[in-house]
1. Within segment 168-211, which residues have the backbone N less than 13 Å from the label spot 7 Å out from Leu224 along Cα→beta-carbon, could you tell me?
2. Of the options Ala130, Asn177, Ala161, report the single residue whose Cα projects farthest towards the positive end of the charge dipole of segment 95-187 (beta-carbon charges: Lys, Arg +1; Asp, Glu -1).
3. Just report the Cα centroid separation between segment 159-210 and segment 12-47, whole Å.
4. Would you mind telling me which residue in Thr122, Thr201, Thr156 has the biggest mean-square fluctuation in a Gaussian network model of the chain, where springs connect alpha carbons within a distance under 10 angstrom?
5. Output wanted: per-residue J couplings in Hz (rounded whole) for segment 46-62, from phi through Karplus 6.51 cos²θ - 1.76 cosθ + 1.60, θ = phi - 60°, x for Gly and Pro.
6. Would you mind finding the longest exposed-site-free stretch of the chain, with exposed GluC sites (Glu not before Pro) meaning DSSP loop and at most 16 other Cβ atoms within 10 Å?
7. Evaluate the charge dipole of the chain about its Cα centre and quote only its size in Debye, nearest 20, assuming +1 on the Cβ of each Lys and Arg and -1 on the Cβ of each Asp and Glu.
8. Add +1 for every Lys or Arg and -1 for every Asp or Glu among the other residues with Cβ under 11 Å from the Cβ of Lys185, and state the total.
Amino acid sequence: TKAEAKEKVYQIATDITFAPFEFQDVNGDFVGIDMDLIAAIAKDQGFQYEMKPLGFNAAVQALESNQVDAVIAGMSITEERQKKFDFSDPYFDSGIIMAVDSDNETISSYEDLKGQKVAVKTGTEGASFAESIKDEYGFSIVTFDDSANMYEEVRTGNSVAVFDDYPVLAYGIKQGNGLKIVTDKEAGASYGFAVSKGQNTELLEMFNTGLANLKASGEYQRILDKYLETGS
Ligand code: GLN
């Protein structure tokens, strides 16, 4: 019931390093578009929650085994995931893109990946995309649990490229993470807030209503601008 929903402290899992959606600021606090969105939606709808930064794959697994109530982690609304989870209305458009070290002058297309290693994050849409073309282009895949280590892998030259979400790579590059984009964006799914199928229906409804309210009030746009316009 609605009354019970207001008493409950929802456990919401998220990624660790996925700027500008979730990342730690200088004080070690988790900030970002997802963090501000859920805070504003909870305030608007009057529910309580606790954020669990578990890493992306761990967050999805925790939701699947009902150890948490929801996930907000720049999580793409894929057909595959819709079999297991119920998603909110989409709140951000994404897509998959390839990046290489900014000094790399030899890799500028998928063809150049032949015989090379490519870094991806476990359980992500970027990983699935790399998996889907690796035989065709003859590269091998190295998996990581978080984006920070995955980017480091490319900077050190152990892997020549990374496949990740366009908004995240573009933001990181603007922040000077030492990578550059060399290909066009591949279609990807939009981000949604996820709950287990048929569970926490009231939480999902509150998320959707709150999101619509934030869009109407201009607060949604203010949150995006805070992270994307200034690039800080
Ligand atoms: N959007 C991607 C996915 O859902 C990556 C999410 C992430 O790494 N936090 O697969």
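None of the figures in this text is laboratory data; all of them are computed from the coordinates on show. Here the structure is a predicted model, which means the values were calculated and not measured. Here the Cβ positions follow ideal geometry from the backbone for every residue, glycine too, while neighbour counts run over all protein chains shown.
1. Inside the label zone: 191.
2. It is Asn177, whose Cα lies furthest towards the positive end.
3. When both Cα centres are located, 14 Å separates them.
4. Thr156
5. Once θ is set to phi - 60°, the couplings for segment 46-62 become x, 10, 10, 8, 10, 8, 10, x, 9, x, 5, 4, 4, 5, 5, 4, 4 Hz.
6. Here the longest run is 106-228.
7. 320
8. Counting the neighbours of Lys185, the net charge comes to -4.
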